[in-house]
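To start, the structure itself, in structure tokens.
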Amino acid sequence: MRALLSLSRLARRLPASLAPVSAPTTFLLRHIHADAPPPPPPPHDSSPFVSRILESEPSLTPNAESEPASDPTLDEFLARFVAAFRPRLTAAFPNHDRDVLDEMLRLVADVVLRRLTEADRGPDAIELNDDLWAAVWEVSASVREAMRRDQVRADLRQYLHCDEVKEMTWFAVDVGIRGARLRELRFKWACEKLDEVEFYRGLDDKRADADADADAEAEAEAEAGADPAPAPVPRLTALPKRKGEVKFTMYGLDMSDPKWAEVAERVAEAEAHFVPEEAKAVEGRAKKAEERLLSIDPRRGDPVPAIEEWKEDLRPNRIDCIALLERIKARNVELYLKVAEILLAQESFEANIRDYSKLIDLHAKANHVESAERVLGKMKEKGIAPDVITSIVLVHMYSKAGNLEQAKEAFEFIRREGFKPDLKLFSSMINCYINHGEPEQAENLIKFMRGPRVNVKPTREIYTDIVRAYAQRGMMTCAQRVLNMMAHDDIKPTEELYAICIEAYGRIGDPTQACAMFEQIRRRLGHEPGDSSIAGVVAAHMKKNQLDEALQWLLSLEKEGLELGVKTNLMLLDWLSMLQLVLEAEQLVQKIKKLGEEPKEVHVFLADMYAKSCQEEKARRSLKILEEKKKLLKSDQFERVIRGLLDGGFSEEANKYYKMMKSCGFEPSETIEVGVKASLRIRGASRHTGRR
């Protein structure tokens, strides 16, 4: 503000009312407004007001002949300077007219122009104080930066369409680069081209300056005339003898040091690893040996003779062997596994740990555990210890094969090495513990996953597998603990998980918890439970022999519009057949038939019920149907039919189904075996089909 207030002293030199035509149309006035210059003033008797600076500067008078030549860069700078400096004057002097502000701007621009062109200031030139000069320099710097940015943009627009950038852009399009990536690369190439041009332009400027300095010195010497003529340059007739070692620097480094020779050798060795060599052309005997190798059956043939012939003719190195394996893998993966194991043992192959780990991984994915262990043993015989990557492959392989001890050993090695296992690795170990019958260890592994050191969130599938393992063993307290961990991790249980818990409560006979889980499905999931959940609640009541409570609960569901499915009706049929309620059971059978295909369990329950109630004809009808479906029956279903026949006194039929059970590969329980043998011994050779 202090800088701008200093212009008020300049404003006092102007009259109170300055007409629009009082200021002449000079060279600088064109930059004050964006519009065209005003029309010439009308004739007037009195001479117009002209400031002292106009009187003192002939070049600024309205004489067209004295107007300087136009400089585009200077014109643009002054136009931008006036446009940027005007808001500051307007804010500092809000009560002044536009004409007064224009005259202030003209005075400041006049000083700036004289400073830039180094013109003669004259006796009546206006002097600006330090604060005003600081404001002028600040505005000038911003204008100069804006002009520089605009020039860079213009140059970039020019180089975006140059031939080199277009050629690289077409190549990028040919290799498949599109969209934002292509635009980014094109802009980058244009910037590099601009930098290159600026660099050489700078060199040309330096050369021009050096030439100008040399010309100036030559002129000064010519004017002085005191120095004698320069002596002629002697001709070189022989090379000078070198003394000592050659020393040269590059980027500030002494490249004559012997250590750089060692660096060059190491770089060459590294390039040999990173830049692969090309495989030799397979021709002649080697080509025929390779064709014979590709035609070998990996299960019955021996590829060693063909490999030896191929090696004898081609003299292969590692690159040639890898190329051969790739060609074999494209034709026959099983043959590839066999040939790769043979080539890994060759010294010319120079096998490393990655080659062994890849082969072990392929065997593991194909479930060839013995082959993978054989390759692992050969790797250890060569003195190559398994690393973390190989151990990860072993964990997945042993977990899939159910070898818990080997999987634990590989997993502990990974943890000792400080490697953080991922979710896939944890999932394999958890499944291995579950399949081995140790859900407690799987739960401990989940707690380790959720700890602060690992912080890997278990998935819903992992929680479901552990809950199912606990539910199958009837350990519902542990299953509920896992469900609480799920709730803590904000994982919402699915209907399948609730159904697993309800069925488990049904097997252990806890109708209270089964009903509670049933209501949680309604409350949390917002829809009606499935038929398997209803059947689980009925099974829990059946374990407690609570028929009335079960029927009342089912009637309440039917009143709410929930229809019973096949599983629930089968559970009720099982219950009624054990209670010998024949009429009610037959009504349920008719209802099951209306729902669709009749399950085999229906005739298992009916054969047991009819045999115990001595209804021989109906029992034989169900037994005949079961005999046709004997391959579908399970061990407990065979034993139930045999037990019913023994209780009803049908010894021969019981013996027949006893032999049928053994022929299907099931081993009868000791109770059934003793019962069948006792009934045959008591009856002897006589045939009796009714009760004794």
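The values are calculated or read from the model by the stated rules, or taken from the named source; none is laboratory data. In this text the structure is predicted, and so the values were computed from the model without any measurement. Note: ideal-geometry Cβ built from the backbone for every residue, glycine included; neighbour counts use all protein chains shown.
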| Do we have any residue at all in the range 633-643 that's of a type in the set (A, V, I, L, M, F, W, C), more than 55 Å from the chain's Cα centre (by Cα), at pLDDT 90 or above and closer than 29 Å to Val566 by Cβ? | yes
| query | From the list Val467, Val454, which residue is touching a residue at least 12 places away in the same chain (Cβ under 8 Å) and part of a loop (DSSP other than H, G, I, E, B)? | reply | Val454
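Conditions (1) farther than 23 Å from Ile534 by Cβ; (2) surrounded by 17 or more Cβ atoms within 10 Å (Cβ to Cβ); (3) in contact with a Lys or Arg (Cβ under 7 Å, 6 or more places away or on another chain), marked per residue:
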residue: Asp574; (1), (2), (3): no, yes, no
residue: Glu586; (1), (2), (3): no, no, no
residue: Ala611; (1), (2), (3): yes, yes, no
residue: Gln615; (1), (2), (3): yes, no, no
residue: Lys618; (1), (2), (3): yes, no, no
| task | Considering each residue of the range 463-494, count those that are closer than 16 Å to Tyr505 by Cβ and among the hydroxyl-bearing types (Ser, Thr, Tyr), and give that number. | result | 2
| note | The residue from Leu525, Leu483, Leu497 that alone is under 26 Å from Ala469 (Cβ atoms), exposed (fewer than 15 other Cβ atoms within 10 Å of the Cβ) and within 40 Å of the chain's Cα centre (by Cα) is Leu525
| query | Just for the range 99-121: of the residues that are loosely packed, with under 13 Cβ neighbours inside 10 Å and farther than 19 Å from Glu76 by Cβ, which one is modelled with the highest pLDDT? | reply | Glu118
| query | Taking interchain pairs and intrachain pairs at least six residues apart, which have beta carbon atoms under 8 angstrom, with the first residue in the range 646-666 and within 19 Å of Glu628 (Cα to Cα) and the second surrounded by fewer than 22 Cβ atoms within 10 Å (Cβ to Cβ) and of a type in the set (S, T, N, Q)? | reply | Glu652/Thr689; Glu653/Thr689; Ala654/Ser679; Asn655/Ser679; Met661/Ser635; Phe666/Ser635
| request: Please state which one of Val143, Val111, Val165 is part of a helix (DSSP H, G or I), touching a Phe, Trp or Tyr at 6+ places or on another chain (Cβ under 6 Å) and under 21 Å from Asp71 (Cα atoms). | output: Val143
| task | Only one of these is within 23 Å of the chain's Cα centre (by Cα) and surrounded by 21 or more Cβ atoms within 10 Å (Cβ to Cβ): Ile466, Ile462, Ile430. Name it. | result | Ile462
| task | Being at pLDDT 90 or above and outside any helix (DSSP H, G or I) is the filter; apply it to the range 276-296 and report the residue that is surrounded by the fewest Cβ atoms within 10 Å (Cβ to Cβ). | result | Ser295
